[in-house]
Every structure is written in structure tokens, then in C-alpha cells.
Amino acid sequence: MISKTFRGGIHPYYGKELAASRETEKLPLPDQFFVSLEQHIGAPVKLLVKKGDEVKAGQLIAEAGGFVSANIHAPTSGKVTSTDPVDHVSGRKVPAVTIKADGNDEWVDLEPVDSPESADPKTLLDAIRRAGVVGMGGASFPTHVKLSPPDDKPIDTLILNGAECEPYLTADHRIMVEKPREVLLGALLEARILGASRLFIGVEDNKPDAIKALEDEVEGLQLPENIKEISVVPLETKYPQGSEKQLIKAITDRNVPVKGLPMDVGVVVSNVATCYAVWDAVYNGRPVIERIVTVTGRGVVEPGNYWVRIGTPVSHLIEAAGGYEDDAAKLIIGGPMMGFAQGTDAVPTMKSTNGVLVQTRDEVQGPDFAPCIRCARCVEVCPMNLPPFLLAAAAEAGRYDVLDQDVLFSCVECGSCAYVCPSRRPLVQFIRMGKAYFRGQKKGK
Amino acid sequence: MKMGERKFIISSSPHIHDGSLTPRIMWGVSLALLPATLVSFYAFGWDAVRVILVSMVSAVVFEAIALMLRNRRPRQAMDGSAALTGLLLGLTLPPGISNAMIMVGTFVAIIVAKQVFGGLGQNPFNPALTGRVFLLIAFPAPMTTWPLPRDLTSQISSLKSFLGLAVERHADVVTGATPLGAVKEHMLKALPHINMGDLFFGLHTPGSIGEISALAILLGGLGLLVARIINWRIPLTIIATVFAVAFLYYLAVPPKVSGMSPVSAAFYMAVFHVFAGGLMIGAFFMATDYVTSPIFPKGQIIFGIGVGLMTIIIRLWGGYPEGVSFAILLMNALVPLIDRYTMPKPFGWVDRRA
Amino acid sequence: MEILYAVGILSGLGVLAGALLAYASKVFYVKEDPRVEEVDSILPQANCGACGYAGCRDFAKAIVSGEDIVCPVGGPSVAELVAQILGKEAAEVEERVAFVKCAGTHDRAKKRATYHGVKTCAAAHLVGGDKECRYGCLGLGDCAAVCPTDAITISRGVAVIDPEKCIGCELCVQACPVNVIEMVPKSRKMHVVCNSQDPPQVARKVCDVACIACKICTRTDKNFTMEGNVAVFTGSEGGLDTAPFVCPTNAIMDESKYRALEFVLSDAVREAFEQDKAAYKERERAERAKRAAARKAAQQKKAAAQAGGEANPATDKSAAKPSEDGDKKDDSKKSNESNKIDSSPADGDKKAKKEDKAPKAEDTGKEGE
């Protein structure tokens, strides 16, 4: 068994053992939910409820504000107590619906698609759109948009992203082990919508149980006619193996062009958790109001995986995981490589929240950094073949004029460069500064 | 702990690090120079101790002063880079050099070559080499006076001067020519007298205190390679280029060595050029200096070939017997240009002209 | 003898080269409008680029070839001089300065986290900054770094701009990632020192000096208007003297009384302001009591006259209100006048004015009475 991979990348301490073998538990409902209205990329949503309204679980509370947008549903039954902004993962405060749970968890009537195996793609797409499915791996791009590529971009390959290369996180791992059938059925739906004939499931080889579970399921699967090739592809355990372009390179040896999308090379990549959400939306008619979240790190007492309703405050999750260790110092939504550090645990979970990581004091890097000594390590590890030290130096000096925007925006902010920098330079932050500068310029600031 | 009240640390991703640290790399390189340093102590005794001590300490002191003048924390002088510069400079000096000259050398290295350009990471030229070349040009005589290693008279006088007992050095120190100097001056007549084993182990040939033993340098260089502090590209291409050009040259101009076929004589001379002089220390420790060498793989190979070519050209046709220092400094000047033209294209790059 | 040759040759060369140069300068002379030189000599030579040209000379060329004379730094005086040279109308230029709409020093604005990373606002803004308020000054000095005249002081987590040093180049406005710096007329002497669009209940929680959108100032002085959740002073000069005192969170600054630098950063000045405010409140209360008493007396008289008419407290209040407002308007007129008188010598000796400040505050207070 040869594990496929890409050029560059790093081998950090993976920390998966903390939560990988912990069966996913249902998290008890909190008293209060904060359902953020910024949970996807695209047009902002239109709020449908107001203060004082009674809502039920699964009820549409905010409607997609355009094609590239996604519906948002109430996570449980209760009363809307406020629509004021609350903390958001990005560090800003954004509008949100605060719901006081009544504890009954009453659901609206769900409308599953009849005989999904034979339903036409349009019906399926519509079910996915209504359920508000977005990319659950972190990008949160509306799935129904991703599944409707323009006619001049035929798709022949669907890749399921089960690499989960982010250290510590095990949410995707657990869903592959616990719900392999649902994930695959969801994937087959996606493949049918896209008209893809090949289906690959890329999984890093540090998850043999997930590979085994999926392979067993693939064997017993009744393949629809359109699928000519299906296989589980073991990938080398290397960060950032789960990065879209790197995954496509490793599995199909196709190069997604700079500024291009996977569909430019006939590929769509879908996260395994997204596939599960697609299955749920089509087979059960259930909107995305729940997902698996890994609570982990040395800063929490009992790391584990939980089925969490969207909008649950992180503090509630931490409580379920036994609370903080005394030396907890950094709270990160997402993994340690690309996650967002939070100032407060009042921040709610979102559709794309796959993990909550708590680091202890001694795991946290100090704020100081030294000048670049041109050791070239960042160049060596950059999966996008960029010169991170140069991009950062230009941004640090404010010399944005020397930056080639195509090169700068090729950066996927995977963090490999900053991870290996012996001068501890915050290279990713510098690069993000550069990007922010050009984005601001575009806006005409 | 009350929920919702904690103030956490926020920062940009990533939130983990592999633990590497610049000072650790610097001290690691210094550690890799330990074999060469020990050999120099063994071969030149207290003189070597004195040269290295004065060189390292003065380098760190100059660095601290410069940092203070630049409103930086003088503690940064202990990041190992200045000490390494001092050590490298010391190792490339002849054992009999005076303390004042060493300090002039470290002044040029730290202040002129490094801090004036903005300190660590900003210097275009290798500081240690700049210091050494300055000394070589400013004080040619003391810089080319080579006492024999393991020479008792010299040892005793050096101990005395180290302890401050003798103000003036005895004039009866036995000096000799370095192998490269001998080859340069007497052409090939000197050749049969050069023992390749001496050159490799370095205990009987005169030379700069740290350059005499190719073996010691090689050990440290391998250590750097194994520790992944440097990669093979620069040292290997330098050595290969020097070897190849020397071999071809001596095939074309065969040295007459009794009992050797022209080919094996050329081979002998090529090996000689690899082990002689400062090539080893230059290839493994000077040319690989992060700050002054190219960053991209292709550039590193171009740089290595360039250094190798310059070195052997100076050695065979130039006025100086040794050319490594000049070669590296010359190529240092080309690094920005090399970097510019060897920058790799990003993943999935589409040529904009297409 | 040889030395003479050397001297001779060199002198000869010098003469020759000089002649050549003189000749070349005649032959290759580039005709430039002499007015460019003249205009350039009038421009402030700050070379700040605020006009949109690469330096003053470039701008001078543009002016001569017909561009409007809009030099934000030089202001109307320069425009007039330039217009005289070119013989055309000077474009209206309002002299403007940059102003930081935030007084959220470390002790007043709540922190939400400890920030580790690049010490610039642009970088800190990427992770949301370390203040609970997302509209406030990040205090890492991107503005100060670009300021050509060192007019910006960064202290205790906020930037404060000295309007006397500010040349209005707007570079800081462009550098600020949170857009907390605004260009205001240089003559404007009253400001709301807050930029928070947070809803009142949030703003109140995260910062002691936040504008909490209570709108009291807008009712007190018509120069104040609401822009979303924050009040804004729109007058071109000073406002009602008492306006800063009605603000419950002290988010209004009267620059004719306090220098921005001191009002935001100095605890002593803040204290002085608090005292003034307390005194004002005291007077207000006394006034109100007096008025109420007068009203009561009047009412009693009326009641006595009507003989047995019942006095309803509700009608009492509604009757009281308009009269109070009327009083206020009178007040505002008075203090506006006094303000004008005060500010005229301000252009002259600033230091003297500063020393004057404390007693002046009292003076105006007395006038108010």
C-alpha cells in the first residue's frame, strides 16, 4: 500500500490520540443558543424572525440572500430573545439570533426526498439548498453552488476529503468510522448531481480504522450506473494533505491552476462531513443544525467528540469536556494550524466548526520574533511552492508594490512556513496583511 | 474557573511550532566546528586558544555595542551569530597573528560587514570572510606567516605570550609554506613532498588554525548535513567543481610525478586541491551561511558551481595561492541576482503570456 | 616643474569642461513654464502626496497646466497666493485635520484578549484586535508611522493627533484599518470621541467612554446628530459650552478648553473636567430647583386666584417642559457668543491660552449662571 502525497509540507505532532478513539456523544442542549448569521461565504442572509418569536428545531430563521448563500435554521425549539450581534469566530461581532431553549426540542415536520436513488438531480440540489448545507471542512462554501458547476466545466471526478490533516482534530475521522454508509450515500448523491464517473475517498494513513470502515462499506455498496470507478485512497500523513489543491494533486496528479478552482480540472472536492449533511438533507429532509465537533487539547480535562447543535456556545462544550485545565491559555476554533484563536468562550459554534482546541500556557509561543536569516525552510515546506519569507518581508516593510498579487493570493495560509521558521516569524500573519491590503485597495479604500 | 470570563491569548494561525530557534541553529553550527577547533588546539596549542578566544569574545562585544547604538537589546548579541562569526574568523587565521589584528578583523566582520547593513539577516557578504579578507589585504605579512604545527619552540613561546610573560615573540619560530603556497611558488617540484595523509589529518602541514585538518571539518560538515542545518547542494557542488576543473587542468598540463601515470597524477592533484587550504571549511561552513547564500534549490547549485569555479581559477591562475574567501565573497555579491532568477513558480502557475 | 604640468593640465581640463557645460546648458535648455518654479516656491514643500501628486513640484506643474489648486496642507492662504500668480480663482479649500474618534485607553476600554503577533494595527486587525470594542483605536501606531509631521502620539492604547501639527495629508486615514480617524474642519472645536456602532447596551459594557446613543447631546445642541449608533458633531466651530457636560459617558470633547492630547491621556485634565461637570450639574440642579420653586409659587398664586383648583402633577410636568427648553436656547445663544470672543485670540498665543484654560472654564460657568 503506497500512500500518495504532494511536494512540501510538514510533519507536526498530530495529537490525534487525545480524541481519536472517543466515540461521539450527544451533547446535552444548552439553555441558550447564539446562531450566527454569518456562517457561509457569499451573500448575507435575510433574517426571518424577530425578538419574541417562538421557533422550532429545524425552522428556517434566516433565508439565503441570493444563489451563493445558505439558509440558516433554528437549532432547537424556544424563543428568540435578541438579534443583537454576538462574538464571531473571526474576532468580530456579527448579527446573530439568540434563542432561549425551552427544553422540549420540538421539531418542525421534515420533508425527505422520495426515493432519493432515483430522484432527479434538480430535486436533490433543491433539498440540499433548502437544508442550508455548506462545506463543513472549514471553507463553508454553499454546497448547492459547488454542485452546480457551469456547463463548460464538465466534472468527471468527485473526491471525498477525509484526509483531516489538521493536528488534533478527529471529527471527520469519527464520522468516517461511525457513519461510513451515510457518508458514501451522500457522496453518491453528489456524484450523480455532478455527473462524475469516478469517486475517490482520500484518507490519511494514520486512520486505518476509517480506511477499513469505508472500504468495507464500498464493497457492500450497490453502485449506481454512473460510477465507473470508486476507491479509498490512503494518503501519506503529512500536513496539509487535506488542502484541496494538494489533495487533487496527490490523487489525480492534476494541477489546479493559480486563481483556478478544482472544477477547472474536472474535479470537485467534498468534505466527508458535508457528504453526511447531504445525506441527512436528502434522505431525512433534515437541515444542518448539528455536526460533530472535537473538543481537544491539553487544556481541557477530557477531550472527546460530540454531536453539537449549531449555535451552542463553546463554553458549554468545554463544560461537557470536563472544563479547563488550570493552565489553559489559548482557545482555538478549528485546528492548531489554521484555526482561529478566540478571546472568549462565549463564541458560538457554527456549521464549519470542526474542533475546539485548548492549549496550555507552555504550548503557546511567546509574542517575540527575530529577523529572517534566510534559512529557506519556509521555501522547502511551502506546498504552494511560494517564497513565504519574501512575501512576509515585503508586507513587513509595507512594500506592497513589489508583491505579485497572483503569487500572494496563491498562499492558502496553511501555516507550514510559520511552523518551521526558526526566527518564529508570523509569516502567515504578514501574508494575510498583504492580502488585506490588496482587498482594501480593490474596495477602493 | 468561571466560564465566559477567561481572557485568552489571540494570535494569527498557526498556533504550534516545531521548536526550532535561530540561536539554537547558530550554536549548532558552532558545535559542528568543535572538531576543527580541537584539532587547532592540539596542533597550535595556546596560540590557537588565544586566537579563537579573542576572536569570539571581541565579536560578541562588538555586536553588543553595535546593537546598543542601534537601540536594540544588547542581549541579542548572545544569539550565537556573533560568536559563530568570531569562531569562523578565528579558525581562518594563522596562529601567530596578534590580538590587535584579530580585533581589527572582528570589527570589520561585525560592524562593517554585518551591523552597518542592518544586523542579522541583512548582510550581503559573509562577515567572517569579509573580516579575514580585510586582514589578508591590510596585513599581508602576518597573515601569511605559517608556523609549523606541533613545533615545541613555537608552543612554548605561544604559551608565554598567552600568559603575558613575553612581550615580544621569539624570532626563532619555525615557519613553513602552506601546501597551496608551496605548489604555487615552486610549481610542481614541491608536490612529492606533500603527504596526502598529512593534508587530511592536518597535524604536520602549516595553515590557518582551523583549516589544517580536512577530516575535522568534514566531520562537522557531515554533522550539519545530518542535523539538516545545511543541505548537500552548496558544499557538494563546490567540491565537485573544484575537483573536476583541477582534474581536467592537470590532464591538460600533466604534472611530472615519478612513478605515476598522468591520469593518476591529475587525480592526485585534484584530490589535493579538495583537501588543501580553506576549501573544506569554505564549502561546509562559509558558503552555506544562510544569510549570504541563495535560498532556492536551483540557485544554491548555481552558487556552488560559481564558488568552485572562482576558487580553482584563483588557485591555478590567480596571484594568491588560496581563493576560497574571494570566491565566496564574489558569489555573495551575486546572490540577490541568483535568487531573482531562480525563484520557483507557484504550484499550478499558468504563464501569463500564454 | 612636473607639478606645473599637472596643475596646467587639470586647470585646462576644468576650463574646457566648464565651457562645455555652459554651452550645453544653453543648447539643451528645456523650456519650463517659469510659473512652475514660482508656484513650487509657494507650496508648503511637505511632499506628502495628499493632493494626489508625487510631491509638491509635480503638483505645481499640474496646477500650472490647469489643475485646481487644492492643496490640503497649504489651505486657502496658499491657494490664494497661487491663484494670484496664475491669475485665476482659487478653489475653495477648507483646512482640515485628522481626528481620532476614540478615547478608549487601556483603563477605559475593556480588553477581550491578549494579543500576540506583529505589532501593527493592520496585523492586529486581522485577528480582531485586543479590545472588546471593534470600532476603537487599536493603539499600535500604524498612523503614527506614516505621519510626516510626528503629529500623532500613541499612549495608553490610543492614538491622539495634535491638530496644530497636523497638515491634513490624510495618510493616517488611509493607514488606519478600523477607520477610526476622520478628517474634520480645522476650525471645529467640539468632537464626539467615539466611533462605536455597537448597540447601546453593548457599547456601554465594553467601554467607559463609549457613545451610548442616548441622544441627549442632540437634544441639547442642534449641532449634534446621530450617525447610526454614534453621535457626531457637525458644526464648523465650537458648540454649546455645556454640551460636554450633558454626555453621561464623557464622550464629548471641547477642544477650545482642553487639548485633545490631554483630554484623552491626562488623568489630571480628566479630573478637572469631572469637576467642571459636577459644578455644572450642581448649577443645573439649583437652577431647576429655583425654577420649580418659582413655578410652584406661580401655580400656588394661580391656584389661590382660582380658589380651589386642583393641581394635577401630570399637567404640571408637561407645562414645565417647554419653558425649560426655552431657557436652554437662551443659554446656548449666550455661550455661543462668549465662545466666539474666546476663540479669537486663540490663533495668537497658544501657550497663554492653555494657562488660561482653568480659570476660563470657571468664567464661562459664571456666565452660564
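The values are calculated or read from the model by the stated rules, or taken from the named source; none is laboratory data. From a predicted model like this one, the values you see are computed outputs, not experimental measurements. Neighbour counts run over all protein chains shown; Cβ positions are idealised from the backbone, glycine included. Accessible surface is based on the protein model in full, side chains and every heavy atom, while ligands, DNA and RNA are left aside. Shrake-Rupley method; radii C 1.70, N 1.55, O 1.52, S 1.80 Å.
A few remarks follow.
- Residue tally, condition at pLDDT 95 or above and among the β-branched types (Val, Ile, Thr), over the stretch C:15-30: 1
- Consider the stretch A:429-445 and keep the residues that are at the interface with chain B (Cβ under 10 Å from one of its Cβ atoms) and touching a residue at least 24 places away in the same chain (Cβ under 8 Å). The one that is farthest from B:LYS345 (Cα to Cα) is A:MET433.
- Whichever residue in the stretch A:359-374 is at pLDDT 90 or above and under 27 Å from B:ASN126 (Cβ atoms) and, among such residues, is farthest from the other protein chains (Cβ to nearest Cβ): A:PHE369
- Selection status of A:ARG424, basic (Lys, Arg), open to solvent by 10 Å² or more (accessible area, probe 1.4 Å) and not in a helix (DSSP H, G or I): yes
- Residues of the stretch C:40-61 that are out of contact with any Asp or Glu (no Cβ under 9 Å at 6 or more places or on another chain), open to solvent by less than 70 Å² (accessible area, probe 1.4 Å) and of a type in the set (A, V, I, L, M): C:ILE42, C:LEU43, C:ALA46.
- Residue within the stretch B:63-74 that is of a type outside the set (Gly, Ala, Ser), open to solvent by less than 20 Å² (accessible area, probe 1.4 Å), within 23 Å of B:THR292 (Cα to Cα) and in a helix (DSSP H, G or I) present: yes
- The stretch B:301-354: number of residues that are assigned to a loop (DSSP other than H, G, I, E, B) and within 14 Å of chain A (Cβ to nearest Cβ): 12
- Count of residues meeting criterion [away from chain C (no Cβ under 14 Å) and farther than 17 Å from A:TYR306 by Cα] in the stretch A:337-352: 1
- Contacts under 9 angstrom Cβ, first residue in the stretch C:191-203 being facing another protein chain (nearest Cβ under 10 Å), partner crowded, with 21+ Cβ neighbours inside 10 Å and of a type in the set (Ser, Thr, Tyr), 6 or more apart: C:GLN197/C:TYR135; C:ASP198/C:TYR135; C:VAL202/C:SER196
- Residue identified as in the same structural domain as C:GLU37 (by TED's automatic domain parsing), open to solvent by 20 Å² or more (accessible area, probe 1.4 Å) and touching a residue at least 24 places away in the same chain (Cβ under 8 Å) among C:ILE85, C:ILE167: C:ILE85
- Qualifying position, being assigned to a strand (DSSP E or B), closer than 29 Å to A:LYS93 by Cβ and more than 14 Å from chain C (Cβ to nearest Cβ), among A:VAL269, A:VAL293: A:VAL293
- For the stretch A:319-333, the set of residues classified as facing another protein chain (nearest Cβ under 9 Å) and either assigned to a strand (DSSP E or B) or surrounded by 24 or more Cβ atoms within 10 Å (Cβ to Cβ) (or both) consists of A:TYR324, A:ALA328, A:ALA329, A:LYS330, A:LEU331, A:ILE332, listed by residue number.
- Only one entry of A:ALA20, A:ALA96, A:ALA70 meets the criterion of being surrounded by 17 or more Cβ atoms within 10 Å (Cβ to Cβ) and either part of a strand (DSSP E or B) or not aliphatic (A, V, I, L, M) (or both), and that entry is A:ALA96.
- Filtered residues of the stretch B:98-134 (kept if more than 14 Å from chain A (Cβ to nearest Cβ), surrounded by 24 or more Cβ atoms within 10 Å (Cβ to Cβ) and more than 12 Å from the chain's Cα centre (by Cα)): B:ILE102, B:GLY105, B:THR106, B:ALA109, B:ILE110, B:ALA113
- Residue check for C:CYS56: of a type outside the set (Phe, Trp, Tyr), over 24 Å from the mean Cα position of the chain (by Cα) and modelled with pLDDT under 90: yes
- Residues in the stretch C:98-117 that are open to solvent by less than 30 Å² (accessible area, probe 1.4 Å), within 13 Å of chain A (Cβ to nearest Cβ) and under 21 Å from C:ARG204 (Cα atoms): C:ARG112, C:ALA113.
- Residue within the stretch A:382-403 that is outside any loop (DSSP other than H, G, I, E, B), within 14 Å of chain C (Cβ to nearest Cβ) and farther than 17 Å from C:ALA123 by Cα present: yes
- Flag if B:SER58 is of a type in the set (Gly, Ala, Ser), surrounded by 24 or more Cβ atoms within 10 Å (Cβ to Cβ) and under 21 Å from B:LEU135 (Cβ atoms): no
- Among all residues of the stretch A:20-31, there is none that is farther than 25 Å from A:PRO240 by Cβ and among the small types (Gly, Ala, Ser).
- Some residue of the stretch C:73-80 being in contact with a strand residue (DSSP E or B) (Cβ under 8 Å, 6 or more places away or on another chain) and either at pLDDT 85 or above or crowded, with 17+ Cβ neighbours inside 10 Å (or both): no
- With respect to being under 26 Å from the mean Cα position of the chain (by Cα) and without any contact (Cβ under 8 Å) to a residue 40 or more places away in the chain, A:LYS351 falls outside the description.
- Among (1) surrounded by fewer than 23 Cβ atoms within 10 Å (Cβ to Cβ); (2) under 24 Å from B:PHE284 (Cβ atoms), the one test that B:GLY19 misses: (2)
- Selection count, the stretch B:245-266, where residues are in contact (Cβ under 8 Å) with a residue 40 or more places away in the chain and surrounded by 15 or more Cβ atoms within 10 Å (Cβ to Cβ): 5
- Considering the stretch A:342-373, the residues that are hydroxyl-bearing (Ser, Thr, Tyr) and over 27 Å from C:THR120 (Cα atoms) include one that is most open to solvent (accessible area, probe 1.4 Å), namely A:SER352.
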